[in-house]
Amino acid sequence: MTTTGLVVGDDGLARPLWAASDPLLREYYDTEWGMPVRDERGLFERLSLEAFQSGLSWATILRKRPAFREAFHGFDPEVVARYDDADVARLMADAGIVRNRAKVLATITNARATLALREDPDGDLAAFVWSFRPADTPRPRDFSEVPTTSPESLALSKALKRKGFTFVGPTTMYALMEAVGIVDTHLLGSHRRGTSGVWPD
């Protein structure tokens, strides 16, 4: 390990400590985290999983993601928006997911808000979220330099709340922006820095 917080793996590639040892996190970091997600369904899934992650480790959510996808019908917002009390009971009995009633209800609420956004002049969920892309992105040399919020994540949080979304605080929204490529917080020197096509390295 170096002072930058990067670890060079047995494949010669530099990754942050959090993605260096667990094979699942390593695969997620190498192939998915920070890559652009620009479709409504993909954004709804990421938004939902970030809400479920609140207070937990991302590794926990990632391991449960297949079960989440099955339980929430592939995060199709049209299907989730029609969930009723029976669906809530079904989800609360599903040991494969995080059984948090407030987060389950928030996912249903957010599915309905996602459908409502289709009528918004600012576009669907994906277009709306991406409209908060900042003019620049961080260039952290060390994990301590990675922000946890930004003016844009705060503005996005407030805007989504006005549109009826819940569990969309500014820290959660910054994590979403990192995950879907709106900002690039890969550490300088990481093999993934600048690979999203959104930001130069």
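The set of residues in the range 96-143 being of a type in the set (Asp, Glu) and in contact with a helix residue (DSSP H, G or I) (Cβ under 9 Å, 6 or more places away or on another chain) consists of Asp120, Asp122, Asp124.
Scanning the range 73-108 for residues that are of a type in the set (A, V, I, L, M, F, W, C), out of contact with any Leu (no Cβ under 8 Å at 6 or more places or on another chain) and within 22 Å of Thr172 (Cα to Cα) yields Phe75, Val80, Ala102, Leu105, Ala106, Ile108.
Checking the condition surrounded by 19 or more Cβ atoms within 10 Å (Cβ to Cβ) and within 30 Å of Arg193 (Cα to Cα), which residue from Ser131, Ser157, Ser144 passes?
Ser157
Would you say Thr148 is part of a helix (DSSP H, G or I) and among the hydroxyl-bearing types (Ser, Thr, Tyr)? It is false that Thr148 is part of a helix (DSSP H, G or I) and among the hydroxyl-bearing types (Ser, Thr, Tyr).
Given the options Ala159, Ala113, Ala106, Ala135, name the one that is in contact (Cβ under 8 Å) with a residue 40 or more places away in the chain and farther than 20 Å from Trp58 by Cβ.
Sole residue among the options that is in contact (Cβ under 8 Å) with a residue 40 or more places away in the chain and farther than 20 Å from Trp58 by Cβ: Ala113.
When Gly169, Gly164 are checked against the criterion of being touching a residue at least 12 places away in the same chain (Cβ under 8 Å) and closer than 20 Å to Gly55 by Cα, Gly169 stands alone in meeting it. Looking only at the range 63-99, residues that are over 18 Å from the mean Cα position of the chain (by Cα) and not in a helix (DSSP H, G or I) come to 9 in all.
Within the range 1-18, residues that are within 15 Å of His186 (Cβ to Cβ) have Cβ atoms under 8 Å from residues that are of a type outside the set (Ser, Thr, Tyr) and at pLDDT below 90 in these pairs: Gly5/Phe143; Val7/Met1; Pro16/Gly5; Pro16/Phe143; Leu17/Met1; Leu17/Gly5; Leu17/Phe143, counting only partners at least 6 apart in sequence or on another chain. A search for C-beta distances below 9 Å between a residue of the range 71-82 that is within 10 Å of Phe44 (Cα to Cα) and any residue that is at pLDDT 95 or above and aromatic (Phe, Trp, Tyr), counting only pairs 6+ apart in sequence or on different chains, returns Phe75/Phe44; Phe75/Phe68; Asp76/Phe44; Pro77/Phe44.
The values are calculated or read from the model by the stated rules, or taken from the named source; none is laboratory data. This structure is a prediction, so every number in the text was calculated from the model and none was measured. Using ideal geometry, Cβ is built from the backbone for each residue, glycine included, and neighbour counts are taken over all protein chains shown.
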